[in-house]
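Every read-out reported here was derived from the displayed coordinates using simple, explicitly stated rules and does not represent laboratory data. These numbers were taken from a predicted model, which means no experiment stands behind them.
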Amino acid sequence: MKVLIIEDDIPLNTAITEFFTLKAFETVSVTDGLEALEEIEKQHFELYIIDINLPEISGLEILKHIRKTDVETPIYHHYCFFRDRKFHYCF
């Protein structure tokens with residue numbers, strides 16, 4: 001299964017990517033909305049992990065873009081809040 005991980009926080013992106021790689025998923029990892037759209041246009045994914053707050057193009061805009069042509073692929077979107085480099089919450 002191929003997963004696109006879209007997360008601008010590098011340590012979190014790395015952790016998510018490593019988790020899915022260890023579980024034998026094929027992963028593609030990007031850190032902003034423009035990179036994400038480029039990857040979505042180049043290849044097909046079976047799962048999307050999308051941060052809501054992204055540079056360039058928001059995660060919600062990426063979600064809308066995906067859903068224009070693909071209503072079946074699962075999308076997990078999240079938002080994490082950090083204050084003073086300390087994790088506060090994530091949903």
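Over the Cα atoms of the chain, compute the convex hull volume and normalise it per residue, giving Å³. Don't skip to the end; give the middle numbers.
Details: hull volume 8.1 nm³, N = 91.
Per residue, the Cα convex hull of the chain comes to 90 Å³.
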* To do: Once you have the Cα-Cα distance between PHE19 and ASN53, take 0.36 nm times their residue separation minus that, and quote the gain in nm to one decimal.
  => 10.1 nm
* Structure fact -> Relative contact order as a percentage, the chain, C-alpha pairs under 8 Å and 6+ apart, gives 27 percent
* Structure fact -> In deg cm²/dmol, rounded to the nearest 500, the helical mean residue ellipticity at 222 nm of the chain, built from -39500 (n - 2.57) for every DSSP H run of length 4 or more, is -11500 deg cm²/dmol
